[in-house]
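All remarks here apply to the structure that follows.
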Amino acid sequence: MKIKFKSNTFLIAVSAVILGLVAGAILMASIGSNPFEGFYYLFRGGLMNVERIGNTIATAITLMLVGLSVAFAFKTGLFNIGAAGQMLVGGLCATLVAHYVFLPRPLYLIVIIAAALLGGGLWGVIPGLLKAKFNVHEVVATIMMNWIAYWSIYYFVPAYLKGPSLETESKSIAISQSLRSPWLTEIFGGGYINLGIFVAILAIILIKFILDKTTLGFELKAVGSNRFCAEYAGVKVNRNVIISMMIAGGLAGLAGMTYYTGYSRNIQIGVMPSMGFDGIAVALLGASSPIGVFFSALFFGMLQSGKGFMNAMTEVPPEIADTIIATIIYFTATSVLFKKFWDSVGKRIRTKRKDRADKAVAQEGKDNG
Amino acid sequence: MSHVIEMLNIRKEFPGIVANDDITLQVEQGEIHAILGENGAGKSTLMSILFGLYHADKGIIKVRGKEVHISSPNDASDLGIGMVHQHFQLVQNFTVTENIILGREGSFVLDRKSAASKIKALSEQYGLKIDPNSKIEDITVGMQQRVEILKMLYRDAEILIFDEPTAVLTPQEIDELMQIMRNLIKEGKSIILITHKLNEIKAVADRCTVIRRGKMIGVVEVAGTSQAKMAAMMVGRPVSFKVDKKPAKPGKPVLELKDVNVMNIKKVLGVKNFSLQVREHEIVGIAGVDGNGQSELVEAISGLRPVASGTISINGNDITHISIRARNEAGLGHIPEDRQKRGLVMTAPLSANMVIKEYYRPPFSKYGILNEDLINKHAQDICDAFDVRSGEGIESLAGKLSGGNQQKAIVGREMALEPDLIIAVQPTRGLDVGAIEYIHKRLVEHRDKGHAVLLVSFELDEIFNLSDRIAVMNSGELIDVVETSATDEEKVGLMMAGVKSKEVTA
Ligand SMILES: Nc1ncnc2c1ncn2[C@@H]1O[C@H](COP(=O)(O)OP(=O)(O)OP(=O)(O)O)[C@@H](O)[C@H]1O
Ligand SMILES: [Mg+2]
């Protein structure tokens, strides 16, 4: 069932972003940098030319899928903190396909997507099962799954995917086996842009459809909003917890695919992908709605890809961009305040409009009389 | 006499609805002033404004003759205004004393001892009988309410607001609360009381302000006004308190319980060897004091709690171990005891709530895709039929409805399922007399269509008004089942205390 997208959620997000930027400006000023210059290079770094735009999008692709994963779990009342591990496992499965499966391109893409979905889904479904069967809190379980993925990769990659001279990462996959695509690369004049963008957009549309229009989405949301009522109504709560975690895991697995076989072409060992956690911010700012996730991922993608340029061109350290992100999250989390503010603004406007209408009616009455 | 509280020409709008439209409330020093109004009339809203939870769009508030601006509960508290909410705000594993001084510690060092002795003194002064050292989780709901009262008194409140305080109490506790209110008045406090029960207003209130659909209808002296008159003022038409019904024509059994045993939360038997039949065209009422196994019994029938032994069947089909959905499909409807927890998804719109048991099957969905138009139409039909009032119609979030309208929505949804058996637990809790009349009528109608109704209520009036037979429960056991026409409230009262009917008649 559709839960209306209130224009207020949009205003809240925008307010949070603006306040985050203002906080960033104050910080820059306080360390003696010129905030206008800082922002100028931050945004330029993300949007200066088509190649940079391509890179912004490439970063956003992964963020979109992770954000979608977290948002989807949120809707069922679950906190998926394990997107990083699910990314790793999904990415590993995709990397294996890239190394060993050779097929015509369309078929190949289907196989690699399926592999990433399976890997991530498996990593998500385990915490789901633990929660359903033994009531293990998903936050605990997903964090543990993160570390299991981290250490498994730590030993698996050197043992089976060792590069010729590299000790800390897997051997690179062939460009032709990656998600990069010549025509996309050409349009954007190089950079990291890849076919993942279509995967992300399709996933967003599909998830939005599931949540708004299907009985599955109805059940998931019912369980997420009030599991006692869902249980009473005959919805199988545990089954939905498992399904939700499986889908969330699958989405994060796809994110891993776009990151390890699209953005980059190898897997580093001993690194937990920080994007797995950035996804929480993306979901929060996007108010857990698929469309919201789309835009907030683009925004965060821009900050991520612009911060290096800002650092190179000015004295401003790249951490400022992270601080801005953190501040925005903070303001989004305390969005109740904005909601009150915008509600009262809305009301004032409505009352004014009504007064005006009333006056007009009165005037008309006089005119007629 | 002087007014302690004056709320003059108050207006408050919510999206799509004017909850308070030019309402004036004047409370005199030392009186119990009742507010009477239908579900959704705007009573809670008005009190929330007085207590600083909402802001009025228009109007002025005067406390002891002085105009004031109350923008938070703290402001209200400073002005000597206290409120007992319908849902208590207590920390379960804290003691009474800790709960009362919470947020009022004063200095860094908690002086529990002197606080406890002040609480003890207050408790004795007003006859509250509270032990300051017991934990909240160990005391009854009625006691918890008294802790809320103590909280107000501890903070030197002079004007006490009670929003539907008796909805959660047993008849015994209600009598005690009435006495406490009289004690409070004797000590110079003033009270605003919201209740749907006219006999309570009659029993304690001095004057009563009646509101309907957000507008003030008038103020009456309670002593000189009959209950029927007040009810008519509030609903806008005469209300009948008795249910018209023809004698039952019981047919074959719909619900059959055979030697059912159920464990309660504490893992001891909450329902013991319970056997009962509810037949077609019959209403069976379960009478008993709250906490004697009624909840466990209902949960066992509806599938929310496993059965330890025994069998439950509907229309001859064993449902003892099947899923909740399968039970619903076998013809079970259930108006749950806790509407906020079980009955509705508060953060979802009414439309979704009205199909929460049926969304998965045609016509509401096909191949897993929801049919929004039909869902909306279905929800609209229920809201029309049961007069569910809300700001934005079926798009309103369930949580934004007034308590009574939430209940009407649930009853409407369950009735729309046309179940062979409907279990109605406290179906009229928190409803205004007009709505009670309506829901009672619909339950009887349901029976007259040839269905079975199992009614659980803690109000003997309701049990006697509706039931064809009465089953009395005590400590998880069925004491006896009697024909309503062959018994009276006194006999049932004795059985509720555990005395068998043979001994009663003897
Ligand atoms: N926060 C809110 N947002 C939107 N509408 C609201 C809100 N609170 C109350 N309303 C609407 O205002 C009206 C008055 O509600 P209120 O809770 O004051 O009624 P009430 O008289 O206390 O009813 P009841 O006896 O059922 O508790 C209702 O129609 C309700 O739907
Ligand atoms: Mg109310």
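A:Ser165 meets the conditions (1) open to solvent by less than 60 Å² (accessible area, probe 1.4 Å); (2) hydroxyl-bearing (Ser, Thr, Tyr); (3) over 18 Å from A:Leu251 (Cβ atoms) in every case but one. The failed one is (1).
Among the candidates B:Ala203, B:Ala116, which residue alone is open to solvent by less than 70 Å² (accessible area, probe 1.4 Å), among the small types (Gly, Ala, Ser), in contact with a helix residue (DSSP H, G or I) (Cβ under 6 Å, 6 or more places away or on another chain) and at pLDDT 90 or above?
B:Ala203
Here are A:Leu303, A:Leu285: which of them is touching a residue at least 24 places away in the same chain (Cβ under 8 Å) and open to solvent by 10 Å² or more (accessible area, probe 1.4 Å)? Only one candidate passes the filter, namely A:Leu285.
Considering segment B:283-318, and only residues there that are within 14 Å of another protein chain (Cβ to nearest Cβ) and in a loop (DSSP other than H, G, I, E, B), the residue that is surrounded by the most Cβ atoms within 10 Å (Cβ to Cβ) turns out to be B:Gly303. Evaluation of B:Val147 against the conditions (1) modelled with pLDDT of 90 or more; (2) under 21 Å from B:Gln426 (Cβ atoms) shows that the sole unmet condition is (2). Considering the conditions (1) on the phi > 0 side of the Ramachandran plot; (2) more than 13 Å from every other protein chain (Cβ to nearest Cβ), B:His321 is excluded by exactly one of them, (1).
Scanning segment A:210-256 for residues that are facing chain B (nearest Cβ under 8 Å), open to solvent by 20 Å² or more (accessible area, probe 1.4 Å) and within 28 Å of A:Ala94 (Cβ to Cβ) turns up just one, A:Leu216. Does B:Gly16 satisfy the criteria of being open to solvent by less than 50 Å² (accessible area, probe 1.4 Å), away from ligand 2 (no atom under 16 Å from the Cβ) and not hydrophobic (A, V, I, L, M, F, W, C)? Answer is no for this residue.
Considering (1) without any contact (Cβ under 8 Å) to a residue 40 or more places away in the chain; (2) over 28 Å from A:Tyr192 (Cα atoms), the lone condition that A:Leu19 does not fulfil carries the number (1). For segment B:194-203, the candidate set comprises residues that are within 13 Å of ligand 1 (Cβ to nearest atom) and out of contact with any Gly (no Cβ under 9 Å at 6 or more places or on another chain); within that set, the residue that is nearest to B:Gln26 (Cα to Cα) is B:Thr195.
Among the residues making up segment B:350-373, none is more than 12 Å from chain A (Cβ to nearest Cβ) and in contact with a Phe, Trp or Tyr (Cβ under 7 Å, 6 or more places away or on another chain). When B:Glu31, B:Glu38, B:Glu67 are checked against the criterion of being under 23 Å from B:Lys189 (Cα atoms) and either in contact (Cβ under 8 Å) with a residue 60 or more places away in the chain or within 16 Å of ligand 2 (Cβ to nearest atom) (or both), B:Glu31 stands alone in meeting it.
Table: residues versus (1) more than 29 Å from A:Phe294 (Cα to Cα); (2) modelled with pLDDT under 95.
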{"site": "A:Leu130", "(1), (2)": "yes, no"}
{"site": "A:Asn135", "(1), (2)": "yes, yes"}
{"site": "A:Ile143", "(1), (2)": "no, no"}
{"site": "A:Ile148", "(1), (2)": "yes, no"}
{"site": "A:Pro158", "(1), (2)": "yes, yes"}
{"site": "A:Ser165", "(1), (2)": "yes, yes"}
{"site": "A:Ser176", "(1), (2)": "no, yes"}
{"site": "A:Gly189", "(1), (2)": "no, yes"}
{"site": "A:Ile204", "(1), (2)": "no, no"}
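Just one of the numbered conditions (1) under 26 Å from B:Val18 (Cβ atoms); (2) away from ligand 1 (no atom under 16 Å from the Cβ) is not true of B:His440: (1). Under the condition of being open to solvent by less than 30 Å² (accessible area, probe 1.4 Å), more than 16 Å from ligand 2 (Cβ to nearest atom) and not in a helix (DSSP H, G or I), the residues counted in segment B:148-168 number 3. Can you tell me which residue is farthest from B:Thr347 (Cα to Cα) among those in segment A:206-223 that are in contact (Cβ under 8 Å) with a residue 40 or more places away in the chain and aliphatic (A, V, I, L, M)? Checking each candidate, the answer is A:Ile207. Residues in segment B:169-185 that are hydrophobic (A, V, I, L, M, F, W, C) and part of a helix (DSSP H, G or I): B:Ile174, B:Leu177, B:Met178, B:Ile180, B:Met181, B:Leu184, B:Ile185. Of everything listed in (1) in contact with a helix residue (DSSP H, G or I) (Cβ under 7 Å, 6 or more places away or on another chain); (2) open to solvent by less than 50 Å² (accessible area, probe 1.4 Å), the single unmet condition for B:Asn261 is (1). I'd like the residue in segment B:19-39 that is in contact with a His (Cβ under 9 Å, 6 or more places away or on another chain) and away from ligand 1 (no atom under 15 Å from the Cβ) and, out of all such residues, is least open to solvent (accessible area, probe 1.4 Å). Top of the filtered list is B:Val27.
The values are calculated or read from the model by the stated rules, or taken from the named source; none is laboratory data. Only a predicted model underlies this, so the values are computations on that prediction, with no experimental measurement involved. Every residue, glycine among them, receives a Cβ derived from its backbone with ideal geometry; neighbour counts consider all protein chains shown. We work out accessible area using only protein heavy atoms, side chains counted, and drop any ligands, DNA or RNA first. Shrake-Rupley method; radii C 1.70, N 1.55, O 1.52, S 1.80 Å.
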